[in-house]
């Protein structure tokens with residue numbers, strides 16, 4: 001079992017609940033984020049952890065704490081990772097839109113601009129549908 005603890009919403013500690021070493025993931029100093037971690041989700045295989053701060057999406061190696069990738073975005077309101085772990089949906093507050101990003105490349109693969117903010121996002125269990133609420 002893995003324990004995940006947010007420390008002061010700035011540093012995350014990941015630890016095997018039974019006996020494993022603690023791995024610390026620090027908010028990227030070059031991100032410009034001061035709000036700390038807002039959302040987090042493990043990949044389905046447990047090898048990586050996806051986090052968002054106020055304006056940054058990061059993917060981490062859950063075993064080592066090494067940052068794999070980082071994407072700068074507008075103000076982040078919501079996040080969900082697809083069930084297969086390949087995509088992440090991000091609700092952006094600055095421009096009332098949400099985007100879908102490839103987690104491997106960090107590239108945006110879809111974007112929807114709407115009349116309201118995407119405050120809640122959730123992939124269906126099969127990953128073919130994304131529900132959005134404003």
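The values are calculated or read from the model by the stated rules, or taken from the named source; none is laboratory data. Computed from a predicted structure; not experimentally measured. All Cβ positions, glycine included, derive from the backbone under ideal geometry; neighbour counts span all protein chains shown.
Among 80, 95, which is within 24 Å of residue 36 (Cβ to Cβ) and more than 14 Å from the chain's Cα centre (by Cα)?
Details: 80 fails: more than 14 Å from the chain's Cα centre (by Cα).
Testing whether each residue is within 24 Å of residue 36 (Cβ to Cβ) and more than 14 Å from the chain's Cα centre (by Cα) leaves just 95.
Collect the residues in the stretch 71-85 that are closer than 26 Å to residue 125 by Cα and in contact (Cβ under 8 Å) with a residue 40 or more places away in the chain, keeping them in residue-number order.
Of everything in the stretch 71-85, those that are closer than 26 Å to residue 125 by Cα and in contact (Cβ under 8 Å) with a residue 40 or more places away in the chain turn out to be 77, 78, 79, 80, 81, 82, 83, 84, 85.
Out of all the residues in the stretch 36-54, is one or more over 25 Å from residue 125 (Cβ atoms), in a strand (DSSP E or B) and modelled with pLDDT under 85? Show your work before the answer.
First, the residues of the stretch 36-54 that are over 25 Å from residue 125 (Cβ atoms): 36-37, 53-54.
Applying the additional criterion that residues be in a strand (DSSP E or B) yields none.
Checking the stretch 36-54: not a single residue is over 25 Å from residue 125 (Cβ atoms), in a strand (DSSP E or B) and modelled with pLDDT under 85.
When the residues of the stretch 114-134 are filtered to those that are more than 20 Å from residue 39 (Cα to Cα) and at pLDDT below 90, which remaining residue is surrounded by the most Cβ atoms within 10 Å (Cβ to Cβ)?
Taking the stretch 114-134 first, the residues more than 20 Å from residue 39 (Cα to Cα) are 114-116, 126, 128-129.
Within this subset, residues satisfying the condition of being at pLDDT below 90 are 114-116.
Details: 114: 12, 115: 6, 116: 9.
Filtering first and then ranking leaves 114.
Which numbered condition in (1) surrounded by 15 or more Cβ atoms within 10 Å (Cβ to Cβ); (2) part of a strand (DSSP E or B) is the only one that residue 111 fails?
Going through (1) surrounded by 15 or more Cβ atoms within 10 Å (Cβ to Cβ); (2) part of a strand (DSSP E or B) one by one, residue 111 breaks only (1).
Which of the residues spanning the stretch 80-96 are at pLDDT 85 or above and either in a loop (DSSP other than H, G, I, E, B) or crowded, with 20+ Cβ neighbours inside 10 Å (or both)?
Of the residues in the stretch 80-96, the ones at pLDDT 85 or above are 80-92.
Passing the criteria: 80, 81, 82, 83, 84, 85, 86, 88, 89, 90, 91, 92.
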